[in-house]
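Below: one structure, written as structure tokens.
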Amino acid sequence: MYGAILGDMIGSPYEFDKGDKTKKIPLFSKKSHFTDDTVMTIAVAEALLDVGSDANREIVHDAVTYAMQKWGRMYPYAGYGSMFCRWIKAKNPKPYGSFGNGSAMRVSSVGWLYDLPQAREVSRWTAEVTHNHPEGIKGAEAVASAICLARRGKTKVEIKAYIESEFGYDLSRTLDEIRPAYHMDVSCQGSVPEAISAFLEGLSFEDTVRNAVSIGGDTDTIACIAGSIAEAYYGLSTECEVECLRRIPAEFRCVILRFESLVKREVMDNGRMIEAPLSRYEHDEEDNPQEVIAALTAHLRNGGYLRMPSGAVALMDSIRTKENYTDVPWLLAFTSNDQYLEWHLWPDEMNWVPAWEEDYDRADVTDVKLHEVLSCIAKAQNEDAAVVLNQEAFFITPQMAQVILSNDRYTDAEPPIREKISLMSQ
């Protein structure tokens, strides 16, 4: 959710083309502030956290309606449209056929809390309590889908193809082609494709948000949407998270803490935060490992685990007992049970089945702290030694392990981490 909120705040001073359609803007100024985009992002996230992942349509409808009215009444001057203002105050609120981009700006949490099929479904539910026009529903669904795909490691080419195929948006225009004739358009069909295009042309989270602002028009919402996708694709630095937390009320931070705790726990428990950059690395013609190294470093800082077969654990234990290990150990490791199970598959006529299903059922895999794995392979004297991630998707050499371990400099005493903890606890 940080990406959506940061995008909202960064884009807020430049609505109605006040930024002269340029990327050369200060990211934050005295005029930067959160708007209705942030308030409703918080509301939807809280509602979904309250009801849990198995809630049905009716329960989600009720929870989202309650949360959006609650937060909307708490922050009545955040910049809502006239129809939504009336909806917030209504005793028995009903959808009003909107195709505005409000449905898309508030949906980012859905892309993180669910896998793609369920994310598409739940995004529709969060939209239709107000924006029950097909375009309003489609906008929310497209944004949630893009976030889901980005965090699952799909390339920009794959994300673009999926959005065009599934939702019919034209993503062929470059930003240079969009800017000259583009002005204020608060409809989903007139802003969601532009926001996705800003992400597709972006080189980083910051560059994506600058792209979004440079389009003009409804810059806070376009940057909110683009930023939400970019966060899932690129990740965010602790400094960015701290800047976000500094600029929002304590009650917003409480929801973010709940959300982050749930998402991070699920991600860190199964190592999926590494899978997205691993997937992109496999498609990288330049063979650039930096994104994977950054993800491994983040996983290490958060106390993350890898899954290892019993044989690899035994080999690692034997390495620990020797001061100088000159053999060529290859330590097999996996980011999740799904990846481990895939390694255990073999073709049986037209189906794939577990090759050693009984072993798998006996939990022939162990959670091992990433720090232990890296420390072990870093000790190897042979440069051909490696941790083999996800069936040869990536090789962590001793030299690389040493680099990752040396990158792990963040502690509770480090200023960005310390400030984030302080802000979250307020």
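Conditions tested, residue by residue: (1) part of a strand (DSSP E or B); (2) at pLDDT 85 or above; (3) over 14 Å from the mean Cα position of the chain (by Cα); (4) of a type outside the set (S, T, N, Q).
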| site | (1), (2), (3), (4) |
| --- | --- |
| Glu260 | no, yes, no, yes |
| Arg280 | no, no, yes, yes |
| Asp284 | no, no, yes, yes |
| Val292 | no, yes, yes, yes |
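Among Leu278, Leu236, which is surrounded by 16 or more Cβ atoms within 10 Å (Cβ to Cβ), touching a strand residue (DSSP E or B) at 6+ places or on another chain (Cβ under 6 Å) and under 27 Å from Gly153 (Cβ atoms)? Full working, then the answer.
Working: Leu236 fails: touching a strand residue (DSSP E or B) at 6+ places or on another chain (Cβ under 6 Å).
Going through Leu278, Leu236 in turn, just one is surrounded by 16 or more Cβ atoms within 10 Å (Cβ to Cβ), touching a strand residue (DSSP E or B) at 6+ places or on another chain (Cβ under 6 Å) and under 27 Å from Gly153 (Cβ atoms): Leu278.
Only one of Tyr234, Tyr169, Tyr162 is hydroxyl-bearing (Ser, Thr, Tyr) and under 16 Å from the mean Cα position of the chain (by Cα). Can you tell me which?
The unique qualifying residue is Tyr234.
Tally time: how many residues in segment 190-206 are at pLDDT 95 or above and surrounded by fewer than 19 Cβ atoms within 10 Å (Cβ to Cβ)?
Adding up the residues that qualify gives 1.
How many of the residues making up segment 84-118 are part of a helix (DSSP H, G or I) and either crowded, with 16+ Cβ neighbours inside 10 Å or without any contact (Cβ under 8 Å) to a residue 40 or more places away in the chain (or both)?
First, pick out the residues of segment 84-118 that are part of a helix (DSSP H, G or I): 84-89, 102-105, 108-113, 116-118.
Those still in the list that are either crowded, with 16+ Cβ neighbours inside 10 Å or without any contact (Cβ under 8 Å) to a residue 40 or more places away in the chain (or both) too: 84-89, 102-105, 108-113, 116-117.
Going through segment 84-118 one residue at a time, the tally reaches 18.
Please go through segment 298-317 and give me each residue that is surrounded by 18 or more Cβ atoms within 10 Å (Cβ to Cβ), outside any strand (DSSP E or B), touching a strand residue (DSSP E or B) at 6+ places or on another chain (Cβ under 8 Å) and not hydrophobic (A, V, I, L, M, F, W, C), ordered by number.
Correct list: Gly304 only.
Could you please let me know if Leu203 is outside any helix (DSSP H, G or I) and touching a residue at least 12 places away in the same chain (Cβ under 8 Å)?
no
Quick test for you: out of Pro93, Pro26, Pro76, Pro13, pick the one residue that is more than 25 Å from Met184 (Cβ to Cβ) and out of contact with any strand residue (DSSP E or B) (no Cβ under 6 Å at 6 or more places or on another chain).
Going through Pro93, Pro26, Pro76, Pro13 in turn, the sole match is Pro93.
Taking interchain pairs and intrachain pairs at least six residues apart, which have beta carbon atoms under 6 angstrom, with the first residue in segment 61-82 and assigned by TED's automatic domain parsing to the domain that holds Phe252 and within 16 Å of Phe252 (Cβ to Cβ) and the second small (Gly, Ala, Ser) and assigned to a helix (DSSP H, G or I)?
Qualifying pairs under 6 Å: Ala67/Ala43; Ala67/Ala47; Met68/Ala43; Trp71/Ala43.
For a quick check of your reading: which helices (runs of 4 or more DSSP H) sit entirely within segment 1-83 and have at least 1 residues that are at pLDDT 95 or above, crowded, with 19+ Cβ neighbours inside 10 Å and of a type in the set (S, T, N, Q)? Can you show your working first?
On the way: elements: 2-11, 36-51, 57-74.
Per the criteria, 36-51, 57-74.
Give me the helices (runs of 4 or more DSSP H) completely within segment 329-426, filtered to those with at least 1 residues that are in contact with a Cys (Cβ under 9 Å, 6 or more places away or on another chain) and modelled with pLDDT of 85 or more, ordered by residue number.
Numbers: elements: 337-343, 357-361, 370-378, 398-407, 415-424.
Because the criterion is at least 1 residues that are in contact with a Cys (Cβ under 9 Å, 6 or more places away or on another chain) and modelled with pLDDT of 85 or more, the helices (runs of 4 or more DSSP H) in segment 329-426 that meet it are 398-407.
The values are calculated or read from the model by the stated rules, or taken from the named source; none is laboratory data. Only a predicted model underlies this, so the values are computations on that prediction, with no experimental measurement involved. Ideal geometry is used to build each Cβ from the backbone, glycine not excepted, and the neighbour counts take in all protein chains shown.
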